[in-house]
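Here's the structure, in structure tokens; my notes come after.
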Amino acid sequence: MRPKPPVYTHFREIQAELDKSGAAIFRDNEGVESLIIRYPYSINYIHSYAEDSPFFLGLADGKLRGSRCRRPKCRFVYATPRSHCMVCGAPTEWYDLPYEGRIHSWTTCEFGSEAFLKETPYNLAVVEFDGVGSLLLARIKEAVRDDFYVGMPVVAVFDPNPKYLATDVWFVPKK
Amino acid sequence: MVTGGVTKFAKAHPSMDFRLMVKRAYDYALKGMPNLTADRIDGTRISYFSDHFTRQLKAASMVQDYLGMNPKGSIRLEWGGATGGECFQAAYEAIASGRMDVVLGAGFETMGRVATWKGNEFIALASDTNFDFPLGGFYTGYYALMVIRHIYEYLRRGKFAGVRDEREAQRLAIAEGSRIMSLVSVKNHRNAIHNPYAQYPKRLSVEDVLNSEMISYPLTREQICTMSEGAAVVVLCDEARAKEFTDKPVRIIGVGTGTDTMRLADRPFGKVPLMPHERKSDYEDLPYPGVHSFRAGRAAGLEAYKMAGIANPNTQLDFIELHDAYASSEIQTYEDLGLCRYGKGYDFVETGDPFLKGIDYGFPTPNAGSIPVNPSGGLIACGHPVGATGLMQGVFAFWQLQGTIGKHFGDATLQLPKARRGAIHSHAGTGSAVTVSILERGFK
């Protein structure tokens, strides 16, 4: 036997009860009572970067690798690598990006997804590079909201302790 | 289309699971339709976005089951934020192809089962999980990036082109863009006061919107739609049967879809696909779409307009229910759908064109009523239970064209006097998929 869980009429108060005892009753405006339980859910994936792998291995090696279409008549250069060309469908080759670029657009996130809430505020930007046809999304550090403008020159910095994540590289304003 | 139904959208519906929500919307749709009984429905198209939110795979089968539709045919649809719009078009195709005579399209989402920031994480998983999500995957952040560039292209290089100091010019342009986005937020929240299905109806001032919490600069809380729970259903059928069910059917005269790269960073810098009423010379130096506009929305609009025989949406549509997940994307979408030229979205708000006539928004809206956008309140005020949203737009547009807003809302304020033709627009990701459908009154 288990006694009936405590009844709440404010849904917002339920979370705390679930964290404490794992169950609560919610009574709505019409008097309908619903049993609510805590239901955790977590997974560890065996995630392969597959054809994107050299990009992430490159970051750990201090290299910023885009890709370039192999077809002589195309030669489109991607800042975010793609193993096949979006324009013509031909395979691409790895292409070393410059370490310096410019802010194409930016934002400062004061909130974020749960996984990143503790890192707020953080800055996101799409970075453009000379001679490159597409952009790279990255974090910008050592800058606050008022420092930013479209066109701001930035320089790549690599994590000395790489985690094989896109966050192994970030950019800072060029001094 | 012969009928539709919607549940009230709310932060959470703890007393209803997704099956009961759909059932309530379905029962509402069939109420007062004596000839439209369950046995007349040949099959269903069912949509919801995220298995993470339901924490129940194959939830569409449970809806089919709960409605007593077995063993009729069904297909489940998912397309990010445009899930509901896709369901609407899948239902349309089931009829147009002759595969079914009568079809039920049903959609839902249950986003209140997790905390808001966890919900944002689930949504952000609909961005590239190798390159985008780990950086701080957050959709408001992505849209903030896009609108900063939109402001740069059109306000910095437009109204503020004369300001010499680059940083000062950009600051002024962002302040101006934020002010105009707030007008959109005021409009949609204000309209929703007359919509009993809406989650967040309220009377706001521009200052209230600007001073609400900053989420991702420059987007504030009141410029962003919220997590929601709810369901919506539509019933479509062929023309012959429509007359058996209702004397006020609505015809679907155009459907369009468009797509773009999953990653914002991969968007090309090319040429604008022109609407019939636009000229090449309008966009000589505009790299398109870049990160500032939605090529998928333009493509969807072009396809739907062509099918419907619409050369100029601004004069040939009476209203639009569009996907304003952000006040910024409503302005961007005006341009994608050709309501105004690219770059003129901010002016279009200021002249009042997308506002309703006869409602006091607290500021002047001289052209109000010319082409009301989101008369229902849109996603910003109604809520965005993803799999239901595009169908909800279909239902609100249907009632608008039937002239039955007063009956269904218990308040006729939002009823447009001469609504003959309208569009619904559903949008996914950072603009990676968009649907546009055109609806027209099907009776005299």
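The values are calculated or read from the model by the stated rules, or taken from the named source; none is laboratory data. Note that the structure is predicted; figures quoted are calculated from it, not measured. Quick reminder, even Gly has a Cβ in these numbers, built from the backbone with ideal geometry, and neighbours come from all protein chains shown.
The set of residues in the range B:8-35 that are under 20 Å from B:Val103 (Cβ atoms), part of a loop (DSSP other than H, G, I, E, B) and in contact with an Asp or Glu (Cβ under 8 Å, 6 or more places away or on another chain) contains only B:Asn35.
Scanning the range B:99-129 for residues that are surrounded by fewer than 20 Cβ atoms within 10 Å (Cβ to Cβ) and without any contact (Cβ under 8 Å) to a residue 60 or more places away in the chain yields a total of 5.
This table checks each residue for (1) outside any strand (DSSP E or B); (2) among the hydrophobic types (A, V, I, L, M, F, W, C); (3) outside the structural domain of A:Val154 (by TED's automatic domain parsing).
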| site | (1), (2), (3) |
| --- | --- |
| A:Leu57 | yes, yes, no |
| A:Lys73 | yes, no, no |
| A:Pro81 | yes, no, no |
| A:Gly89 | yes, no, no |
| A:Glu93 | no, no, no |
| A:His104 | no, no, no |
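Of the numbered criteria (1) farther than 18 Å from B:Phe348 by Cβ; (2) in contact with a Leu (Cβ under 6 Å, 6 or more places away or on another chain), the one B:Phe131 fails is (2). The number of residues in the range A:116-131 being assigned to a loop (DSSP other than H, G, I, E, B), within 21 Å of A:Tyr99 (Cβ to Cβ) and not aromatic (Phe, Trp, Tyr) comes to 2. Is it the case that A:Pro72 is exposed (fewer than 11 other Cβ atoms within 10 Å of the Cβ), out of contact with any Lys or Arg (no Cβ under 9 Å at 6 or more places or on another chain), more than 9 Å from chain B (Cβ to nearest Cβ) and of a type outside the set (Val, Ile, Thr)? For A:Pro72, the condition - exposed (fewer than 11 other Cβ atoms within 10 Å of the Cβ), out of contact with any Lys or Arg (no Cβ under 9 Å at 6 or more places or on another chain), more than 9 Å from chain B (Cβ to nearest Cβ) and of a type outside the set (Val, Ile, Thr) - is met. Of all residues in the range B:141-158, those being touching a residue at least 40 places away in the same chain (Cβ under 8 Å) and more than 30 Å from A:Ser113 (Cβ to Cβ) number 1.
Screening B:Gly301, B:Gly358 for residues that are in contact with an Asp or Glu (Cβ under 7 Å, 6 or more places away or on another chain), within 24 Å of B:Gln400 (Cβ to Cβ) and either outside any loop (DSSP other than H, G, I, E, B) or without any contact (Cβ under 8 Å) to a residue 60 or more places away in the chain (or both) leaves exactly one candidate, B:Gly301. For A:Ser134, the conditions (1) of a type in the set (Ser, Thr, Tyr); (2) facing chain B (nearest Cβ under 10 Å); (3) not in a loop (DSSP other than H, G, I, E, B) are fulfilled apart from (3).
Of all residues in the range B:347-396, exactly one satisfies the criterion of being surrounded by 24 or more Cβ atoms within 10 Å (Cβ to Cβ), aromatic (Phe, Trp, Tyr) and out of contact with any strand residue (DSSP E or B) (no Cβ under 7 Å at 6 or more places or on another chain), namely B:Phe355.
Does the range A:137-163 hold any residues that are more than 10 Å from chain B (Cβ to nearest Cβ), touching a residue at least 24 places away in the same chain (Cβ under 8 Å) and either hydrophobic (A, V, I, L, M, F, W, C) or in a loop (DSSP other than H, G, I, E, B) (or both), and which are they? Within the range A:137-163, A:Ile140, A:Lys141, A:Glu142, A:Ala143, A:Val144, A:Val154, A:Val155, A:Ala156, A:Phe158, A:Asp159, A:Pro162 qualify.
Of the helices (runs of 4 or more DSSP H) that lie entirely inside the range B:155-253, those containing 3 or more residues that are within 14 Å of chain A (Cβ to nearest Cβ) span B:166-191.
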